[in-house]
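*Asks:* My questions will all concern the structure given below.
Laboratory data are not the source of any read-out in this text; all were calculated from the coordinates shown. Owing to the predicted nature of the structure, the values given are computational and were not obtained by experimental measurement. Glycine gets a Cβ as well: all are built from the backbone with ideal geometry, and neighbour counts include every protein chain shown.
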Amino acid sequence: MKKENKITTLKMMNGNEAVARGAFEAGVKVASGFPGTPSTEVMDYTQQRYPDIYCEWSTNEKVGLEVAIGASFAGYRSLAVMKTVGLHVAADALGGAAGSQINGGLVLVVGDDVGRIAGDDYNDVRHYGNMFNIPVLEPSDSQEAKDLMVRAFEISEEYSTPVILKITSVICKTTSSVAIDENYTYEVKCRKKYPVSFSKVIMTTMMMNAKGSEHPKLIKCFQDFPAQMKRLAADSNNFGINKLELKGKKIGVITAGTPYFYTKEVLPDASILKLGMVMPLPEKLIRELAEHVEQLYVIEDGHDIMEKNIKDLGISVIGKELFPKFPEMTRFTPDIIEEKLVPNAPKRTPMEGIPFRLPVSCAGCSHLFISQILRNHKIKAASDVTCGLIGCFPHMEAYQLQKCMGSSIALAHGFNVATDHKEKFVGMIGDGGFWATGINGLMNLIFNDSQSTTIIVDNSCLAMTGGQHVASSEFGFNYKPENKLEIAKVCEAIGVKDIVTVDAYEFENLEKAILNAVKANTNSVVIVEKPCVTKFKLPKGDAYSIDQDLCTQCRKCIKIGCLAIESKKGKDGKVEIVINEDLCVGCGLCSTACKFDAIKS
Amino acid sequence: MQDTGKNIIIAGVGGQGILLFSNLLSKYYMKLGYELKISDVIGLGQRGGGVESHFRYSNKPVLSPFIKAGDVDYLLSFEQTETLRYLHCLKDDGIVFSSTFELSTSSVNTRLEKDMPESKTELIKKSGKKTFIVDPDENKSSDFDISKMMNIVMLAFYAEFRGYSHEEMIQIVKESVPGKFVEGNIKAYEKGISIARAKLA
Ligand SMILES: Cc1ncc(C[n+]2csc(CCOP(=O)(O)OP(=O)(O)O)c2C)c(N)n1
Ligand code: SF4
Ligand code: SF4
Ligand code: SF4
């Protein structure tokens, strides 16, 4: 770190950008993980801005975290980035790392989708802090996102533990100023303290005082992690990142993350304990605040985790009895705090009857062709977590089942074995979902003698999260043509009996391929090829249009789910079904849906 | 009196350049030395979903990234269904700048929901707030595509309304958009000034 000619400037950064900057300043060597809203851009910024850091999008979050754990054991600071649902996938790896000896700092940057911006189930990453006994840090703005990232690595090394940096959709998508040193030079940090590091399984043997457990070779890898966490909890009373702001005596609030700023804005006179580290808790500071004020509240996004942990200390605090949690509330806003704690606050309610925007697919998306065929032929199917899941929504009704990422192949197989393969239930999965974990489902159904059909949508990227590369893409951070994996070849090697590859836009061929696969008395895979229209900016064909004289307004074309097809009310109040020619890419799918020949190119 | 800061909501649908709009505006306020927080709420995917940006500048540190309902000074909206969604957030003396452009919602297209019976433009006008309506159809130009550049038109409108330096704003636009788009953007900006002058006269 060359400190001599420090030039501090203020830069506007969103939370993701600031975390990436923090990784750079912490001297991180390896960044791995898997995309997921809202934290995907942490990796994008790291890779674009800081070429000294090795970056990879791994096949899934578990693999990503394992890569980071390996790098950390080698002595280098490493980070794994994912969204909270991704940590469910990586949880086993985290359980292995938690409580074990750490060489290079190991930080998990995990995005909680508060407010359900990307529509995921409402999760709270802090549960993993409690479950695995590891620290969780949470920033309130971009400056803190950068600073806490650096701090997280220090804590990881000092207390020999993985650390979770919890960021939320609000942090990730809020831009504010960050002070950075323009002349900061990257310096990779390396620390090789422990020659061995094993998971808690082995150490528990020691803690139970099992016979032979005192062997010096075992003792070498023992770390008393509960003691480390106790030490961290005690030290955290003096951490600068936990700030006690004693003011008025009426209201005291324990808070963290962006709710800290909501609280400060709505309750300027309240005394506040602002936690930069939400786990473990600084007990002394909490007691000090409790003694100072008449009434103590906890204001936290997500689940009632700080609240429960504070109550476990024997301190009474008001939380969810005043601020109900999900599903009554998806995230804190200043309005909610005002409504509950400021007497006579005016209440503002939105206008009624404003129509809702359901998600729609991009014009020309290959997923629409598949949905259309499944629906036309009443083929029952499971969708994976992909752009294609829009087909599950009530305006499309193409799929009957949808669960987690990578699941659709096994879901379909389960349905088929239960129903003796009488009605072929199909699994549709994206290329990303296939490589992530879906490939396991495919191997599983082969050796369990299933006759299921799988549709793999090869659009050369993880489209739903913005087009990151996958193992079969022809681009990527570490891409080399000779390393590109072929979906068809892998399916063949796994033992799939019947494999066809079709271009999505060849509607009749695609229809035939899917129908044949479903009819076959064997397992089968249909690979549907078409690069993602949006990611790869495919050249547009001539726009289609609707002949209003022929259109009966049956709305069959709207049901295909293309963004370009709209029902429009003219100035005279008359409704017309029209194609937006700016958006139409000329794929022709809608014309196959119109029985009245009203749609023409 | 010196401007101590304002709360602005910028609204519209994906693809209307809302993030570019707030980026350009933030550069202007940064040059003036204000503190800023800009929080983007983007709906499901980039496909015709609603986009909402909370834009706050102040001469003191900005606290909450979200503006409380009732604290909004200006609502700038590029799509009129979205304008309606945020009307209640305005202060009593808050001001609306709205395009009459409308992207029909998927739920109405597929008849899951009924559209509002009244004209949305009328509903905005009847809101009791000071309102400036810009109709892209009435302001078509052969020099640029107003359906794609409403953001720049509105930026100019807002700058004229606030009495800001167009010269500096255009400079920011020049520095921020890719070279081949500069000319079209400046045309759109100039159009925005003339619309604003007509409406404000
Ligand atoms: C376990 C998990 N990790 C990450 C995500 C975020 N995510 C949602 S969709 C998606 C990409 C899907 O890509 P692909 O399977 O190729 O389908 P496409 O969208 O390209 O059709 C990702 C990474 C998630 N929902 N769950
Ligand atoms: S981003 Fe790509 S895969 Fe997703 S809906 Fe659009 S075209 Fe389809
Ligand atoms: S499918 Fe044909 S007839 Fe029916 S609404 Fe569409 S264009 Fe009109
Ligand atoms: S041809 Fe039809 S389905 Fe294809 S993009 Fe145009 S409107 Fe959409």
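*Asks:* When you go through (1) assigned to a helix (DSSP H, G or I); (2) more than 14 Å from chain B (Cβ to nearest Cβ); (3) out of contact with any Cys (no Cβ under 8 Å at 6 or more places or on another chain) one by one for A:Thr59, which number turns out not to apply?
*Replies:* (1)
*Asks:* What helices (runs of 4 or more DSSP H) lie completely within the range B:22-135 and have 1 or more residues being closer than 26 Å to A:Thr333 by Cβ and at the interface with chain A (Cβ under 7 Å from one of its Cβ atoms)? Please lay out each step first, then the result.
*Replies:* On the way: elements: B:80-86, B:106-109, B:120-125.
In the range B:22-135, B:80-86, B:106-109 are the helices (runs of 4 or more DSSP H) which contain 1 or more residues that are closer than 26 Å to A:Thr333 by Cβ and at the interface with chain A (Cβ under 7 Å from one of its Cβ atoms).
*Asks:* Turning to a different aspect of this structure: Among the residues of the range A:574-591, what is the count of those that are assigned to a loop (DSSP other than H, G, I, E, B), away from ligand 2 (no atom under 14 Å from the Cβ) and within 14 Å of chain B (Cβ to nearest Cβ)?
*Replies:* 4
Here is a yes/no grid of residues against (1) within 16 Å of ligand 4 (Cβ to nearest atom); (2) touching a helix residue (DSSP H, G or I) at 6+ places or on another chain (Cβ under 6 Å); (3) farther than 17 Å from A:Ala488 by Cα:
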| site | (1), (2), (3) |
| --- | --- |
| A:Thr419 | no, no, yes |
| A:Phe425 | no, yes, yes |
| A:Gly438 | no, yes, no |
| A:Asp449 | no, no, yes |
| A:Thr453 | no, yes, no |
| A:Asp458 | no, yes, no |
| A:Met464 | no, yes, yes |
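*Asks:* I would also like to ask the following. Restricted to the range A:367-397, and to residues that are part of a helix (DSSP H, G or I), within 13 Å of ligand 1 (Cβ to nearest atom) and away from chain B (no Cβ under 14 Å), which residue is farthest from A:His421 (Cα to Cα)?
*Replies:* The residue in question is A:Phe369.
*Asks:* Among the residues that make up the range A:166-189, is at least one of them in contact with a Ser or Thr (Cβ under 7 Å, 6 or more places away or on another chain) and under 30 Å from A:Cys221 (Cα atoms)?
*Replies:* no
*Asks:* Looking at A:Gly476, A:Gly432, A:Gly438, which is the one that is part of a helix (DSSP H, G or I), in contact (Cβ under 8 Å) with a residue 40 or more places away in the chain, within 17 Å of A:Pro531 (Cα to Cα) and not hydrophobic (A, V, I, L, M, F, W, C)?
*Replies:* Details: A:Gly476 fails: part of a helix (DSSP H, G or I); A:Gly438 fails: within 17 Å of A:Pro531 (Cα to Cα).
Among A:Gly476, A:Gly432, A:Gly438, only A:Gly432 is part of a helix (DSSP H, G or I), in contact (Cβ under 8 Å) with a residue 40 or more places away in the chain, within 17 Å of A:Pro531 (Cα to Cα) and not hydrophobic (A, V, I, L, M, F, W, C).
*Asks:* Considering only the range A:559-573, how many residues are in a loop (DSSP other than H, G, I, E, B) and in contact (Cβ under 8 Å) with a residue 40 or more places away in the chain?
*Replies:* 4
*Asks:* Can you pull out every residue in the range A:423-454 that is closer than 18 Å to A:Val470 by Cα and either of a type in the set (A, V, I, L, M, F, W, C) or more than 16 Å from ligand 1 (Cβ to nearest atom) (or both)?
*Replies:* Correct list: A:Met428, A:Ile429, A:Phe434, A:Trp435, A:Ala436, A:Ile439, A:Leu442.
*Asks:* Within the range A:563-592, track down each residue that is within 12 Å of ligand 3 (Cβ to nearest atom), farther than 27 Å from B:Pro117 by Cβ and crowded, with 20+ Cβ neighbours inside 10 Å.
*Replies:* Listed by number, the residues that qualify are A:Leu589, A:Cys590.
*Asks:* Which of the residues spanning the range A:494-531 are under 29 Å from the mean Cα position of the chain (by Cα) and either over 28 Å from A:Phe475 (Cα atoms) or within 14 Å of ligand 4 (Cβ to nearest atom) (or both)?
*Replies:* Once the filter is applied, which keeps residues that are under 29 Å from the mean Cα position of the chain (by Cα) and either over 28 Å from A:Phe475 (Cα atoms) or within 14 Å of ligand 4 (Cβ to nearest atom) (or both), the range A:494-531 yields A:Ala504, A:Lys530.
*Asks:* Also, quick follow-up: Determine which single condition A:Ile315 fails, assuming it passes every other condition in (1) part of a loop (DSSP other than H, G, I, E, B); (2) under 24 Å from B:Ala69 (Cβ atoms); (3) in contact (Cβ under 8 Å) with a residue 12 or more places away in the chain.
*Replies:* (2)
*Asks:* Check the range A:541-554 and report whether any residue there is surrounded by fewer than 16 Cβ atoms within 10 Å (Cβ to Cβ), within 11 Å of chain B (Cβ to nearest Cβ) and assigned to a loop (DSSP other than H, G, I, E, B). If you could, list the steps in order and put the result at the bottom.
*Replies:* Residues of the range A:541-554 surrounded by fewer than 16 Cβ atoms within 10 Å (Cβ to Cβ): A:541-542, A:545, A:547-550, A:552-554.
Filter once more, so that each one left must be within 11 Å of chain B (Cβ to nearest Cβ): A:553.
Pick out the ones that are also assigned to a loop (DSSP other than H, G, I, E, B) and you get A:553.
Yes, some residue in the range A:541-554 is surrounded by fewer than 16 Cβ atoms within 10 Å (Cβ to Cβ), within 11 Å of chain B (Cβ to nearest Cβ) and assigned to a loop (DSSP other than H, G, I, E, B).
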